[in-house]
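Taken together, the values in this text are just the output of simple stated rules run on the coordinates, not laboratory data. Remember, predicted model here, so these are calculated numbers, not experimental data. Ideal geometry is used to build each Cβ from the backbone, glycine not excepted, and the neighbour counts take in all protein chains shown.
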Amino acid sequence: MTVVEGDQYTVTYVQGNRNLMPQIMKLLSDHIIIGAAHDDSARVPPPRCHPGTRIKLIARITTWFNDEARPELLLWITGPAGVGKSAVVQTFAEYLVEAKLLGASIFCSRPNKRNNPYRIFITIAYQVAVRIGEYREFIIERLSLDPQLLNRDMATQFKTFIFEPFVEKKIGAGGKRWGILLDGLDELEGEDAQCDIIRLISTFAHEHRDAPLVWIIASRPEPHICNTFNDAADLSHWSEYIPIDSTEACNDVERFLRSSFAMTRRRFRQCVPRDWPSDIEFLKLTAAASGLFVYAEVVMQFIRDPDNADPVSQFDIVLLVIDRSGAIPTKENPFVQLDALYHEIMSSISPKLWPTTKRLLGLLIYIGNPSSYAPVQLGTPRGISILFGLTRHVIYACLLKCHSTVRVPGWKVAHKEKLTILHASFADYLKDSSRSGEFHVGDKHAKEDMLCSLLGVWNMCSGDNINTASVESTWHRYCLKLDDKTLSRAITKFHATLFYDMVFCLRQWIWVLMRLPTEAPTLRAQLHQVHMIKLCYYFDAYNLRDFVDALVNHKSGANAIGLLREVQLKELHLGHLDWKDMSPAHVRHGKGSKTSKGSEFILHRPRSSAVLKTFISELESIQERSSEIKVIIFGGIPEGRVAAFCLSLTSEPGDSKSEDFTYYVIPYPQEV
């Protein structure tokens, strides 16, 4: 064994595994939650404690962490939205980096889709492997033997990546302890998964006190999380509740505001008096904040709004809002002043622009939901421009008054940086009609709006006068119309990526609407207009496989809305097929390309008359051998329908997997 100094902590590797290391680490990195680490560029600038604030809280956590005789190895940091939990965890993560004691840090975010619970322990494993050489060797050995461990259930992942190395192999035993930080547990998808993570970690921390891991979880005090921690009380954990209006919190918010006003006076020294704000005005603001950090942050973002460049007038608006509200935050309604400020910000949007602004905000909220199947690119200004058919000027005009609540990237980076709601409290405000009133933005309406727009764009680019092979070029021409200059190579690539992401999204939502036939009549009307032959033409192997599988195994619904009918394979006619607009296709599992590892699903579509002839001959042979195979004819436009079926490759269908079938899609217009 060779030891090499110079990595983050210490790099240790077995000579025989040296060549495997890049491959295994790349494999591991492909399964992590992207952008979740404390120092990831996706989180710049991260929330952190303002200098001089949260000193006592950070000191308590630091003392607990460094106490070798600590009775608990798990800390739960909790408190309402907006009290600064993420800032505390971020600040402590940076302390652990300096002390070379950070094992891993994960900052979950529902709006930014950093919320897959089944990647939590993989992400921890990756970060620990980067930092700790002995653990890296263990990971290389385990994954080289069984790469499918990355696809196992959560309990198996925990056993493999945490229990085995630190309990059975005793990696790091007797040495320093590493901190594992998980912020925003309540942001993860699925309450059951959140509770499972708590149970796995709390049980491990209680039963294996010699393991060199110290855990910190931060979350809101949601009932299911509280109940799970309470149920695990006998497993011993320490909790740190961060209240809104404690003396410490109020003092910290006051310190933050004083510092922020000083910075604002320096930045706008030409138009801001030295004695601004007055003591009375400042005290009025701190009373309204009542220890709520998110309120103080939103206020300062509002005051320093670069599009107004008039901090004094902006602060006067804040003071008027406080006076009009006349309410004092209470335990029953801690967000009364925050809601009043959000209401003021929304009220400043022109009534003419509000309907479009509402669409934009609704999209941002909805695409943060994992069930939206929305590609990340749709959250960028360029993606939104294409989806809703809006020019960039309209988008930026509609968001002009929202800069204190929404991060709005400039147009130069509008193809790679998303519009981002700056704090979950703003999304909570918009979604809760009792708080936002006329500015309420509902999930259901936002979903229908996105899908109707997506279907509308597709139907426009695949209309009757557009042949199948020209749909993608029509899409690019549509995107070009929304821009005002020659496109760079990066933007052209963005448009191409978004096109195929749109195809994937449509395939997913066709399946969902099949299962929910009574939902959204407007969506169903749009779905009826989809030319399925043209859509299927652009499927890759996995899209085609999943599309056929969903159709063949549908339970009910699509036939009730006139999209689907069932026939037998012997009833199909094949004489209309060609290798262009009427090209059939199939997908089967097989050996991949030279660049791929192992086997994969491979798409075969005839690209010549000779290959088409062979393809049809094989279909006719299948018709003779298996004439009663179930075939689904699907589509609302008669001339755009397709026939889909699965051919089993095994004699034991009860034990079959997806690899045991060949999946067929055949253009099948009504006139056939």
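The figures follow:
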{"item": "The chain: antiparallel DSSP beta bridges as a percent of all, rounded to 5", "result": "60 percent"}
{"item": "Per residue, the convex hull volume that the Cα atoms of the range 256-409 enclose (Å³)", "result": "137 Å³"}
{"item": "Whole-percent pair-distance distribution, where bins are 5 Å wide, for the alpha carbons of the range 354-501", "result": "2, 9, 19, 23, 20, 14, 8, 4, 2, 0"}
{"item": "Highest average packing first - 112-123, 621-632, Cβ atoms within 10 Å", "result": "112-123, 621-632"}
{"item": "Convex hull projection area averaged over all views, the range 247-347, Cα basis, nm²", "result": "6.2 nm²"}
{"item": "Reachable lysines, given that their alpha-carbon falls under 17 Å from the alpha-carbon of Lys401 and they are not under 8 places away in the same chain", "result": "Lys352, Lys358"}
{"item": "Order by protection proxy (mean Cβ within 10 Å, highest first), peptides 242-250, 566-574, 662-670, 486-494", "result": "662-670, 242-250, 566-574, 486-494"}
{"item": "Estimated [θ] at 222 nm from DSSP helical runs (n ≥ 4, -39500 (n - 2.57)) normalised by residues in the chain, nearest 500", "result": "-14000 deg cm²/dmol"}
{"item": "D (Stokes-Einstein, µm²/s), Kirkwood Cα radius, the chain, 1.567 mPa s at 4 °C", "result": "46 µm²/s"}
{"item": "Karplus-derived 3J(HN,Hα), 6.51/-1.76/1.60, for each residue of the range 59-71, Hz, glycine and proline x", "result": "5, 5, 5, 5, 4, 4, 5, 7, 7, 5, 9, 4, x"}
